[in-house]
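These notes are about the structure you will find just below.
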């Protein structure tokens, strides 16, 4: 089944891109959005990863800003360039000329009923594609999102997770579009750290060596901020769900909306746990993932092929 990966690299996005290119995901293309760093850098980072892996999967530049609000980036987490500020060779690959949103719409028409979306950045590209082509809802079989929270434990505001907080209007549009989405939230990924010894276990190779260097900044940040050792691989966790939904060992179907107003609540994924205030469930929330399966996928993604 064909997939589009929508991403904003970002260290954990880099793991998802590498995994999507090396694990059995039928990837049509990678669409890039603003997010962890500005679009110019998220696009450069995606092309760097494509070149590292010698991939021929096309890459498309998308939205450079949120629908309404000013830019929101996270260089303090991912490094000024988004990938740990390591040295890369000059780029010899380029993005496609077609805009990411146009590519998503075109793919939905070509693969109507069987297209799948894995969105691991702010949801601006997906929202714009819905605005251009509302029938996207019927054309897409699965929408897997890394974003939001399941219990309002924010990482960018008190209650807002970065991807939803960076473009709340887009997230709100995607959740109310009429399809059923699968959400891997912040708290779930925080409980799914990849141990630091996993990369040495897979052995030395260009991909694992590069990722070890670019993820060092994030690993140090996690230890300093939260006192834990491990790789925070939020977006790789969403890739794992896309590849195998059974990796979710605690899931619940709920009705959810995204708060777009309020002094403290903007970007909140509000969930109707009481099943009294909303409509029929529009999302499946993955609250716990099976850790050994997740780590085995990570090993496979970075081992020598």
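Every number here is computed from the coordinates shown, using simple stated rules; none is lab data. Remember, predicted model here, so these are calculated numbers, not experimental data. Every residue, glycine among them, receives a Cβ derived from its backbone with ideal geometry; neighbour counts consider all protein chains shown.
Ranked by the mean number of other Cβ atoms within 10 Å of their residues, highest first, the peptides 119-131, 22-34 fall in the order 119-131, 22-34. Label-to-label distance, residue 280 versus residue 299, with points set 7 angstrom from Cα along the beta-carbon direction: 4.2 nm.
Of all DSSP bridge pairs formed entirely within the stretch 2-302, close to 30 percent run antiparallel. Does anything in the stretch 157-200 have its amide N under 17 Å from the 7 Å Cα→Cβ label point of residue 261, and if so which residues? Those under the cut-off are 168-170, 172-173.
Answer rounded, prolate or oblate for the stretch 2-302, using the Cα gyration tensor with square roots of eigenvalues a ≥ b ≥ c: rounded when a/c is under 1.5, else prolate when a/b is larger than b/c, else oblate. It is rounded, given that a/c, with a ≥ b ≥ c, falls under 1.5.
Ranked by how many other Cβ atoms sit within 10 Å of their own Cβ, fewest first, the residues 104, 57 fall in the order 57, 104. Annotation for residue 106 and residue 201: the two label points, set 7 Å from Cα along the Cα-Cβ direction, are 4.2 nm apart.
Contact order normalised by length for the chain, with contacts defined as Cα pairs under 8 Å and 6 or more residues apart; what percent is it? Computed over the chain, the figure is 20 percent.
Working ranking of peptides 238-249, 92-103 by packing, defined as the average number of other Cβ atoms within 10 Å per residue, highest first, is 238-249, 92-103. Sorting 46-55, 154-163, 221-230 by their mean Cβ neighbour count within 10 Å, with the most densely packed peptide first, gives 154-163, 46-55, 221-230.
Using R0 = 41 Å, the C-beta based FRET efficiency linking residue 57 and residue 225 works out to 0.75. Rounded to the nearest 500, the 222 nm mean residue ellipticity of the chain from helices alone is -11000 deg cm²/dmol, with -39,500 (n - 2.57) taken per DSSP H run of at least 4 residues.
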